[in-house]
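The block underneath contains the structure these notes are about, expressed in structure tokens.
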Amino acid sequence: MRIGELAQRAGTSTRTLRYYEHQGLLHAGRAANGYRVYDDAELRVVREIRALLAVGFALDDIRPFVDCLRAGNESGDVCPDSVAVLRRKLAEVDAAIDEMTAVRDQLRTQLNDAINDRETPCCAMTC
């Protein structure tokens, strides 16, 4: 299939596909007229890339998943390198959740203190 068809079937743009190709994530052959030609396996690769990007993976993180698919696996997350990336990403997300939980707790405490410690109600422009 040509780049326009792949873009349409994958729900992305031709520019994005060219970028993925430039990054070495997507493989295209060339027709006699110089047009890019993709086989059906590349649609699966693009869908994997887009799904991983949607949950916050960087392109460098995605490489092991693409390599795993290209090795003939049904899923890009069954290879050891992919599992390692998943573990690292999960640890990053857990750390971010812990950090945000601490911020929320601090804000809750500050708000409660502000409400409970007021001696008189605030007034605008007349105090």
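The values are calculated or read from the model by the stated rules, or taken from the named source; none is laboratory data. Treat the numbers as computed from the prediction; the structure is a model and nothing was measured. Note that each Cβ is placed from the backbone with ideal geometry, even for glycine, and that neighbours are counted across all protein chains shown.
Taken together, Gly56, Gly29, Gly76 contain a single residue that is without any contact (Cβ under 8 Å) to a residue 12 or more places away in the chain and either over 22 Å from Asp94 (Cα atoms) or not basic (Lys, Arg) (or both), which is Gly29. Every test in (1) farther than 30 Å from Arg9 by Cβ; (2) at pLDDT 95 or above is passed by Asp113 save one, and that test is (2).
For the range 79-104, a residue qualifies if it is within 27 Å of Ala41 (Cα to Cα), in a helix (DSSP H, G or I) and free of Cβ contacts under 8 Å to residues at least 24 places away in the same chain, and the qualifying residues are Pro80, Asp81, Ser82, Val83, Ala84, Leu86, Arg87. Residues of the range 54-67 that are surrounded by fewer than 16 Cβ atoms within 10 Å (Cβ to Cβ) and of a type in the set (A, V, I, L, M): Ala54, Val55, Ala58, Leu59. Within the option set Arg30, Arg47, Arg108, Arg118, being surrounded by fewer than 16 Cβ atoms within 10 Å (Cβ to Cβ) and either touching a Ser or Thr at 6+ places or on another chain (Cβ under 7 Å) or closer than 30 Å to Glu5 by Cβ (or both) holds for one residue only, Arg30.
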